[in-house]
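K.L.:
Dropping a structure here in structure tokens format, bear with me for questions.
What follows is calculated from the coordinates using simple rules that are stated; it is not laboratory data. Fair warning: this is a prediction, and the values are worked out from it, not measured in the lab. Cβ sites come from the backbone with ideal geometry, for glycine too, and all protein chains shown count toward neighbours.
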Amino acid sequence: MQENGLPTQVSLKEDAYHYKYSLDGINDNLYTEWWYFNVYNEGRQFLVCYLLFDPGNLTGIGDAEVHAVVYDGMPLIGFTSTSVSNFTADYEKPNVTIGSNTLLALNDTTFVVNGSCYDIYQNIPIQWNLTYILDVGSWFGAPEPMLAGHRPDDWMQWLSYMTGANVHGTITIGGTTYDMSGRGYHDHNWGESL
């Protein structure tokens, strides 16, 4: 798998949605899963996270969220939230939709990440249209469930699917579009914990 700690390529299915495989009747209401992306160049940095809490809505407050941060002089912190009924994901590949925000795996090495939200302080719109092309392989930080949380049955798994990627695309901040081509990274976490 990862002899000598070197990155290796894993299947798209390992970066796909994991909820149904994680159901065990113990703390299923605490299930959380997220797909994280970042990119940087000489001008700015951007990160976005597609995040899901309690997808079975066992608590009655299941939530799907998108968080985005732009570091461009001063940070802009974007956020949007919707009910889990406005969330879809694929169990074979990491195709994820939260409202109008999407993550689409075109193949094993190319992902398209699109979306929008508003800065939580100034209500400035933030939009992104980015293509990630893997050029450094994958690494499992936690290939098996590991203790993560405050209780003995809290667990998580972590996959760094793109330990390195070339990124092409744009971000738009308040109507001004910027080239966001640069270096990027993508990882994916899932589990049950407080």
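K.L.:
Can you sort Lys13, Lys93, Lys20 from fewest to most other Cβ atoms within 10 Å of each residue's own Cβ?
P.N.:
Lys20, Lys13, Lys93
K.L.:
Compute a Gaussian network model of the chain, connecting alpha carbons closer than 10 Å, and tell me which residue from Tyr132, Tyr121, Tyr161 fluctuates the most.
P.N.:
Per the Cα network of the chain with a 10 Å cutoff, Tyr121 tops the list.
K.L.:
Evaluated at 37 °C with a viscosity of 0.692 mPa s, what Stokes-Einstein diffusion coefficient in µm²/s does the stretch 62-166 have when Rh comes from the Kirkwood expression over alpha-carbon pairs?
P.N.:
The calculation lands on 207 µm²/s.
K.L.:
Determine, from the Cβ-Cβ distance of Leu106 and Ile77 and an R0 of 25 Å, the FRET efficiency 1/(1 + (r/R0)^6), rounded to the nearest 0.05. Show your work: numbers first, answer last.
P.N.:
Working: r = 29 Å, r/R0 = 1.16.
E(calc), rounded to 0.05, equals 0.30.
K.L.:
Rounded to the nearest 0.05, what FRET efficiency is calculated for Asp179 and Trp34 with R0 set to 30 Å and r the Cβ-Cβ distance?
P.N.:
Numbers: r = 27 Å, r/R0 = 0.88.
After rounding to 0.05, the efficiency reads 0.70.
K.L.:
Here is a follow-up. At 0.36 nm per residue, and after removing the present C-alpha to C-alpha distance, how many nm does the segment from Asn86 to His168 gain when stretched out fully?
P.N.:
26.8 nm
K.L.:
Could you put Ser22, Ser138, Ser81 in order, starting from the residue whose Cβ has the fewest other Cβ atoms within 10 Å? Don't skip to the answer; put the middle values down first.
P.N.:
Working: Ser22 18, Ser138 22, Ser81 15.
With the fewest neighbours first, Ser22, Ser138, Ser81 line up as Ser81, Ser22, Ser138.
K.L.:
Between the stretch 119-143 and the stretch 149-166, how far is it from one alpha carbon centroid to the other, in angstrom?
P.N.:
After rounding, the separation between the Cα centres reads 16 Å.
K.L.:
A follow-up question, please. On each of the three principal axes of the Cα atoms of the stretch 3-192, give max minus min coordinate, whole Å, ordered largest first.
P.N.:
48, 44, 29
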